[in-house]
1. How much accessible surface area, in Å² rounded to 10, belongs to the heavy atoms of Arg49 with a 1.4 Å probe?
2. For Ser83, what is the net charge nearby, where nearby means another residue's Cβ is under 13 Å from its Cβ and Lys, Arg count +1, Asp, Glu -1?
3. Heavy atoms only, probe 1.4 angstrom, no DNA, RNA or ligands counted: give me Lys94, Lys127, Lys67 ranked by accessible area, highest first.
4. As a test question: what accessible area, to the nearest 10 Å², does His130 have when a 1.4 Å probe is rolled over all protein chains in place?
5. First measure r as the distance between the Cβ atoms of Ala97 and Asp39, then evaluate 1/(1 + (r/R0)^6) with R0 = 41 Å and state the FRET efficiency to the nearest 0.05.
6. Quick one: how many Å² of Glu62 are accessible to a 1.4 Å probe, rounded to 10?
7. Take the alpha carbon atoms of the range 109-149, find their center, do the same for the range 83-103, and report the distance between the two centers in whole angstrom.
Amino acid sequence: MNSGPDDLYLDLMLPKKSGQPHFFPQLLVRNLSFFRIDDFSSLEHTTIRRISTILSDILFLESLNGKEVSLRPNAPLRFEQLSGEIRSINLNKKEIALKFHGHVRGMTTGSEDNPRNLMPTYLEWRKTRHGLSLLWGTLLYLFGLIGGLARW
């Protein structure tokens, strides 16, 4: 499924006979967003807001050995760049449970005026993946720096 330059609106409906939809796993996805547009119009003014549709969320950062990051209910989640696959979709009466696995860049939450970056830093990645070598490398660097300053 490919969308054009405009947003793609997708309606998922359950068949009356079965409780679970027929879904083929590993649906490739790029540019996924979790919000709805709330439009309130009156005679005086019109208000248009983007509202998060996330009821609860747990992110597993695989680059940090599966570290869990929980988001608050209705917390906005934005991606600068996203590509991956939807591994499962479960439709309940009032919600959609989605499992996504992929690569993201620029993952933020919070308001657009005061965003909170959820991407791990290079130092966090280094500490998680190469903790012992990072410790020894830092100690050797400091030893060399102190020795150089002492000789100077």
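The values are calculated or read from the model by the stated rules, or taken from the named source; none is laboratory data. Everything quoted here is computed from the prediction, not taken from an experiment. Backbone-built Cβ (ideal geometry, glycine too); neighbour counts: all protein chains shown. Protein only, heavy atoms only, side chains kept; ligands, DNA and RNA dropped before computing areas. Shrake-Rupley method; radii C 1.70, N 1.55, O 1.52, S 1.80 Å.
1. Solvent-accessible area, nearest 10 Å²: 130 Å².
2. Values: positive: Arg30, Arg105; negative: Glu80, Glu85.
Net local charge, Ser83 excluded: 0.
3. On the way: Lys94 190, Lys127 140, Lys67 95 Å².
Order by accessible area, largest first: Lys94, Lys127, Lys67.
4. We get 70 Å² for His130.
5. Values: r = 27 Å, r/R0 = 0.65.
With R0 = 41 Å, the Cβ-Cβ based efficiency is 0.95.
6. Using a 1.4 Å probe on the heavy atoms, I get roughly 110 Å².
7. Comparing the Cα centres of the range 109-149 and the range 83-103, I get a distance of 33 Å.
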